[in-house]
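Sharing a structure below in structure tokens format, with a few things to ask.
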Amino acid sequence: MTALLIVLAAITTNALAGVSMKMLTTQAPLELSKNGLIQILQNPYAWLAVTCYGLALILFTLALSKLDLSLAYPTIVSGAIILVTILSVLLFGESFTLFKAIGIMLILSGVYLLYRT
């Protein structure tokens, strides 16, 4: 698997984990108690999030075997931020503002500059 595919998979699994956690919180009010913990552990979105975070960890480790840490980490984290922002608009009806668009452009510019150095 090429470094690019590994990084894209790591971005995707990281973002899906975050979206799964949000889906978990929209199903029912969560409470900090024994019953709340049981409720979380019985929810498939919690297990999907744990699985995605586990896969993201493995993929991040693979990415580190092919890229410098100073490139892999910012790329995966910023890619996940961008993907989560897009998925939040599409799945949860969150607003997409000019400032979010500018933020995404700045993130992309920053990652581009990291690869240029």
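Every number in this text was worked out from the coordinates using simple rules, so none of it is lab data. Please read all numbers here as calculations on a predicted model, not as lab measurements. Every residue, glycine among them, receives a Cβ derived from its backbone with ideal geometry; neighbour counts consider all protein chains shown.
Just for region 24-56: of the residues that are under 23 Å from Val89 (Cβ atoms) and in contact (Cβ under 8 Å) with a residue 24 or more places away in the chain, which one is farthest from the chain's Cα centre (by Cα)?
In this case the residue turns out to be Thr26.
Determine whether Ile76 is farther than 20 Å from Thr2 by Cα and either among the charged types (D, E, K, R) or buried (at least 17 other Cβ atoms within 10 Å of the Cβ) (or both).
The answer is no for Ile76.
Follow-up question, since we're still on this one. Residues being within 13 Å of Leu16 (Cα to Cα), in contact (Cβ under 8 Å) with a residue 24 or more places away in the chain and either surrounded by 15 or more Cβ atoms within 10 Å (Cβ to Cβ) or in contact with a Phe, Trp or Tyr (Cβ under 7 Å, 6 or more places away or on another chain) (or both): count how many of those fall in region 79-117.
Of the residues in that region, 8 qualify.
Can you pull out every residue in region 1-58 that is of a type in the set (Gly, Ala, Ser) and surrounded by 12 or more Cβ atoms within 10 Å (Cβ to Cβ)?
Within region 1-58, Ala3, Ala9, Ala10, Ala15, Ala17, Gly18, Ser20, Gly36, Ala46, Ala49, Gly54, Ala56 qualify.
Please work out if Ala10 is within 19 Å of Tyr115 (Cα to Cα), in contact with a Phe, Trp or Tyr (Cβ under 8 Å, 6 or more places away or on another chain) and in a helix (DSSP H, G or I).
Yes.
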